[in-house]
Amino acid sequence: MQAIRSLFIPKWSSDVRLDGKTAIVTGANVGIGKETAKDLAGRGARVILACRDMAKGEQAARDIMREVNGAKVVARQLDLADTKSICQFAENIYNTEKALHCLINNAGVAMCPYSITVDGYEMQFGVNHLGHFFLTFLLLDLLKHSAPSRVINLSSAAHAMGKIQFDDLSGEKDYHPVRAYAQSKLANVLFTRELAKRTEALDVMAYSVDPGIVSTDITRHLWRPLVDLVKTFSFLVKTPAEGANTTVYCTVTPESQLHTGGYYKDCASAESSRAGQDDGTALKLWAVSCHLLGIRWR
């Protein structure tokens, strides 16, 4: 079984250090985010765990400091479903941090029953896309100041099933949890492509990542028979640490070996869906996102 598993989940490792670097990982109290933060801390980076639940965030910070000798980690409150919380988080970062070398937009919700954010957006589109879009906008000056820097957006293979429903972004007319999730993950890929075009000259690079099928609690809203089916093919399922590998790969690999705006999976460049390569849709999504958030981002 292990031999078969290795065919589907290639191993990757790197001894690159990140001493003197600062990274933010959203949703870092559990799963892929926590493992990403732990890895970066082990490389010497200062890591800010951006978490909605501060009790869980502080526990995650204690866990990492216990497991990684000399780890420099701190938890900060961030609710991506509330633009006021995002503003407060960004203000705190500017008040406490002199640099930001990597923003890892990892947090997400998946296939949940219909609900809305504090600002009235469908939860998956609001958190997975709009929340991270706004956070990146607010932190861009610090990323530019700290260049070369990177923005890494976690997407999913599910983006290939997605379509940006511009006439019903919040699913008010016709909501389906899987379709809404796929739309939000496609938005992550399109946001990355457009962001890369606008920031490459500033030496701020952007990458989107497919972590693969990972055993985390993000599947809690899935149809139970489907979860059981996935467990049957356990050799395809990654541990959270394995799921974090491609994010870490895009964090530590020299820029000359990566393509800004690119899509990565299994620690290598990959091809997103045709919809994920539609620059016209990416530009329209950018404009609509700015309008919804009431911001001007050229």
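Conditions: (1) modelled with pLDDT of 95 or more; (2) under 25 Å from Lys265 (Cβ atoms). Ala81 meets all but one. Number of the miss?
Ala81 satisfies all of (1) modelled with pLDDT of 95 or more; (2) under 25 Å from Lys265 (Cβ atoms) except (2).
Condition first: within 21 Å of Asn128 (Cα to Cα) and touching a helix residue (DSSP H, G or I) at 6+ places or on another chain (Cβ under 9 Å). Can you find one or more residues in region 4-23 that meet it?
yes
Regarding Leu130, is this residue buried (at least 24 other Cβ atoms within 10 Å of the Cβ), over 24 Å from Asn245 (Cα atoms) and either of a type outside the set (Ser, Thr, Tyr) or more than 20 Å from the chain's Cα centre (by Cα) (or both)?
yes
Any idea how many residues of region 262-278 are surrounded by 18 or more Cβ atoms within 10 Å (Cβ to Cβ) and either without any contact (Cβ under 8 Å) to a residue 60 or more places away in the chain or touching a strand residue (DSSP E or B) at 6+ places or on another chain (Cβ under 6 Å) (or both)?
Residues meeting the conditions: 5.
Okay, residues lined up against (1) part of a helix (DSSP H, G or I); (2) within 12 Å of Phe191 (Cα to Cα):
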residue	(1), (2)
Gly243	yes, no
Ser256	yes, no
Tyr264	no, no
Ser272	no, no
Gly276	yes, yes
Gly280	yes, yes
Leu285	yes, yes
Leu292	yes, no
Arg296	no, no
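Per-residue answers, yes or no, for (1) without any contact (Cβ under 8 Å) to a residue 24 or more places away in the chain; (2) touching a strand residue (DSSP E or B) at 6+ places or on another chain (Cβ under 6 Å); (3) under 18 Å from His132 (Cα atoms); (4) of a type in the set (D, E, K, R):
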site: Gly33; (1), (2), (3), (4): no, yes, yes, no
site: Leu40; (1), (2), (3), (4): no, yes, no, no
site: Gly44; (1), (2), (3), (4): no, no, no, no
site: Ile48; (1), (2), (3), (4): no, yes, yes, no
site: Gln59; (1), (2), (3), (4): no, no, no, no
site: Ile64; (1), (2), (3), (4): no, yes, no, no
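Out of curiosity, is Thr253 touching a strand residue (DSSP E or B) at 6+ places or on another chain (Cβ under 7 Å) and modelled with pLDDT of 95 or more?
No.
If you check Ser149 against the conditions, is it in contact with a helix residue (DSSP H, G or I) (Cβ under 6 Å, 6 or more places away or on another chain), crowded, with 24+ Cβ neighbours inside 10 Å and small (Gly, Ala, Ser)?
yes
The values are calculated or read from the model by the stated rules, or taken from the named source; none is laboratory data. Since we're looking at a predicted model, the values are computed, not measured. Backbone-built Cβ (ideal geometry, glycine too); neighbour counts: all protein chains shown.
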